[in-house]
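The values are calculated or read from the model by the stated rules, or taken from the named source; none is laboratory data. From a predicted model like this one, the values you see are computed outputs, not experimental measurements. Glycine also receives a Cβ, built like all others from the backbone with ideal geometry; neighbour counts cover every protein chain displayed.
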Amino acid sequence: MSAPTAQELLLAERNDTGHWIGCLSSSALSTATSSFTLALYLKHHPTLPSAEREKLAPLVDSGARWLTETQNPDGGWGDTTRSPSNISTTTLCWAALSFFQPEASPVITAAEAWLKNAAGALTPEHLAATIAARYGKDRTFSVPILTMCALAGRLGDGEAAWRVIPRLPFELAALPHTWFQWLQLPVVSYALPALIAIGQVGHHLHPTGNPILRALRERARPKTLALLQAIQPEGGGFLEAAPLTSFVTMSLIASGKRDSPVVAAGLDFLVRSARPDGSWPIDTNLATWVTTLAINALSASGPLPLTTDEKDTLRTWLLNQQYRVEHPYTHAAPGGWAWTDLPGGVPDADDTAGALIALHRLGPEAPGVAAAAQLGVTWLLELQNRDGGMPTFCRGWGALPFDRSGADLTAHALLAWSTWREQVPTPLPQRIDQATKKALVYLARQQRPDGSWVPLWFGNHAAPHDENPTYGTARVLLALYSLPESSTPAQGCRERGLTWLLKAQSPNGGWGGDQGVGPSLEETGLALQALAQARRATGESSALDTALAQGREWVRKHLQEGHHHTPAPIGFYFANLWYFERLYPLLFSAGATAGTEL
């Protein structure tokens, strides 16, 4: 009996309702923040009924046990169990475990040795400076990390613990949301809950000495707390993310709001998100993202291998995920898709583009699809930044790295626009043409001298600067080789990009995140998809056919050896948090081998 193909393995991963959910990696960072939040609540609620205490305490214990068991040999922790130790995650794990176990232990001693080596010393000043240096002027994550350290008693006693923590101006959240992109906030567009809650705990425990500003902030507390409650998703999890939800919840607990409905909903989310092994994932799931990746991979070079009923089920599910009302706190217009079907999602460029392409592959003539596509295409057009690139969530928030335009996002939008251009009503085709020209100019500016592009949302631990030019270049080439030959700015760019991608192939046939980096199924699969698209578009055969044959043989061999069970940590979550997704090896391999026997 022959081994199952990548397509067959991927099809077998659907759930009972016919779509894909996947499984995100467990996260030491999420586990530290979540278990600490539960422990802090227990400390601040000594009269909690025993039934509630018995529900929370075991989760704290199992979280501590998981952290202890997954400590890296060097004494630190990385974002995934396959990641090198880093300052942020190690600091949070050290703070949590020290809070659970005040007495010294080998685990804490090893963590402190790692931190001393990384920061130069274990003083609050050294830790704060090292953490701040990692994130620069973006305080979305540096201030929450230091806040948890202060709440855990790791930065000193009383108000002194807060002297190294920058204040977040939560009072600005009381202003009209239309002002936010002009205010140059110290956090990214999707971090409004953190701005409010973490700003408030800093104000509560270490108020400013300026009496006017102190009074202003005190007056802003009720309004911003009401806003926080209003924007909390139905399921309690902000962005479906355990870290963000933990930071918000612990901050409210410590600022005297233990009985707030936001705290109750946040705790409920954390309890439901805990895994049987004691860990928490970085996010609940990427169901919409992995489902659109699956549909688009399975149809990469031919019809979808699905029955009519299966297509109808997927189409209905995807249509139901489109946002039909303004998002409560990013204020995104109707028409986009988020990464998940759960209430904590936020519509974004990458998932909207993926959903539009998937709906077209499922059948553009089906009822309801044309209207959804028109709305989604318009949503992407309205999101485009003035520089021609696509941001993730909000137009015009370019001050901080994860709010800027990204080459991978721009390429995905280009592919979605070109997919639907001939089937959307006037004046959308003309708007698509104008947006495409601007996007191509942006991509030409972003192309590196060596011909590569770097993505915003993917990286590689082994590549210089943790970047992943293989992912970025492949994503851009997939889009550029799907455009007409007349797309002048694209011609020279794609030739240089193709040359770079061919040079990046390892002698064994695979691709890693950069030239000379060890290959993975994820990166090899995406590179092969780009080369196959270039082959179809140009008709050139010699070098492309050789590279495709060698790459597909590498994929075949590694699938047979079961390497798809070991996903690589190439995904970036918010604030440069790394993750791996169990389905990524199959998703990218299936797209690379569609139409073959691999």
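The single condition among (1) among the polar types (S, T, N, Q); (2) within 18 Å of the chain's Cα centre (by Cα); (3) not in a loop (DSSP other than H, G, I, E, B) that Thr378 does not satisfy is (2).
Do we find that Ser279 is at negative phi and in contact with a Ser or Thr (Cβ under 6 Å, 6 or more places away or on another chain) in this structure? Spelling it out, Ser279 is indeed at negative phi and in contact with a Ser or Thr (Cβ under 6 Å, 6 or more places away or on another chain). Residue check: is Leu92 among the aliphatic types (A, V, I, L, M), touching a helix residue (DSSP H, G or I) at 6+ places or on another chain (Cβ under 8 Å), in contact (Cβ under 8 Å) with a residue 24 or more places away in the chain and not in a helix (DSSP H, G or I)? When the stated conditions are applied, Leu92 does not pass them. Only one entry of Arg134, Arg167, Arg154 meets the criterion of being charged (D, E, K, R) and in a helix (DSSP H, G or I), and that entry is Arg134.
Got a sec? Which of Arg163, Arg154 is surrounded by fewer than 18 Cβ atoms within 10 Å (Cβ to Cβ) and in the same structural domain as Thr245 (by TED's automatic domain parsing)? Full working, then the answer.
On the way: Arg154 fails: surrounded by fewer than 18 Cβ atoms within 10 Å (Cβ to Cβ).
After applying the criteria, what remains is Arg163.
Here is the figure for the stretch 400-451: residues that are hydroxyl-bearing (Ser, Thr, Tyr), surrounded by fewer than 19 Cβ atoms within 10 Å (Cβ to Cβ) and not in a helix (DSSP H, G or I) total 1. The residue that is modelled with the lowest pLDDT, counting only those in the stretch 81-109 that are farther than 30 Å from Arg582 by Cα and in contact with a Gly (Cβ under 9 Å, 6 or more places away or on another chain), is Pro102.
Regarding Gly345, is this residue surrounded by 24 or more Cβ atoms within 10 Å (Cβ to Cβ), in a loop (DSSP other than H, G, I, E, B) and at pLDDT 95 or above? Here the answer is yes, as Gly345 does meet what is asked. For the stretch 323-330, the condition holds for no residue, the condition being that it is assigned to a helix (DSSP H, G or I), in contact (Cβ under 8 Å) with a residue 24 or more places away in the chain and assigned by TED's automatic domain parsing to the domain that holds Ile432. Each residue in the stretch 250-299 was checked for being part of a loop (DSSP other than H, G, I, E, B) and farther than 26 Å from Leu587 by Cβ, and 8 of them qualify. Considering the conditions (1) in contact (Cβ under 8 Å) with a residue 40 or more places away in the chain; (2) closer than 14 Å to Thr17 by Cα; (3) surrounded by fewer than 21 Cβ atoms within 10 Å (Cβ to Cβ), Ala333 is excluded by exactly one of them, (2). In a residue-by-residue description of the stretch 225-243, the property of being in the same structural domain as Leu175 (by TED's automatic domain parsing), modelled with pLDDT of 95 or more, crowded, with 18+ Cβ neighbours inside 10 Å and more than 25 Å from Leu29 (Cα to Cα) applies to at least one position. Condition first: among the charged types (D, E, K, R) and touching a residue at least 24 places away in the same chain (Cβ under 8 Å). Can you find one or more residues in the stretch 558-575 that meet it? Checking the stretch 558-575: not a single residue is among the charged types (D, E, K, R) and touching a residue at least 24 places away in the same chain (Cβ under 8 Å). Condition (residue is in a helix (DSSP H, G or I) and either buried (at least 19 other Cβ atoms within 10 Å of the Cβ) or without any contact (Cβ under 8 Å) to a residue 60 or more places away in the chain (or both)) applied to the stretch 505-516: is it met by at least one residue? Among the residues of the stretch 505-516, not one is in a helix (DSSP H, G or I) and either buried (at least 19 other Cβ atoms within 10 Å of the Cβ) or without any contact (Cβ under 8 Å) to a residue 60 or more places away in the chain (or both), which makes the answer no.
Is one or more of the residues making up the stretch 523-542 crowded, with 19+ Cβ neighbours inside 10 Å and either touching an Asp or Glu at 6+ places or on another chain (Cβ under 7 Å) or closer than 24 Å to Ser85 by Cα (or both)?
First pass over the stretch 523-542, keeping only residues crowded, with 19+ Cβ neighbours inside 10 Å: 523-534.
From what's left, either touching an Asp or Glu at 6+ places or on another chain (Cβ under 7 Å) or closer than 24 Å to Ser85 by Cα (or both): 523.
Checked against the condition, which is being crowded, with 19+ Cβ neighbours inside 10 Å and either touching an Asp or Glu at 6+ places or on another chain (Cβ under 7 Å) or closer than 24 Å to Ser85 by Cα (or both), the stretch 523-542 yields at least one hit.
For the stretch 34-80, residues that are outside any helix (DSSP H, G or I), at pLDDT 95 or above, of a type in the set (Ser, Thr, Tyr) and over 17 Å from Val107 (Cα atoms) total 1. For the stretch 439-484, a residue qualifies if it is within 20 Å of Ala534 (Cα to Cα) and free of Cβ contacts under 8 Å to residues at least 12 places away in the same chain, and exactly one does: Pro484.
State the number of residues belonging to the stretch 460-477 that are surrounded by 23 or more Cβ atoms within 10 Å (Cβ to Cβ) and not β-branched (Val, Ile, Thr). Adding up the residues that qualify gives 8. Of the residues in the stretch 518-536, at least one is in a loop (DSSP other than H, G, I, E, B), closer than 25 Å to Pro281 by Cβ and within 29 Å of the chain's Cα centre (by Cα).
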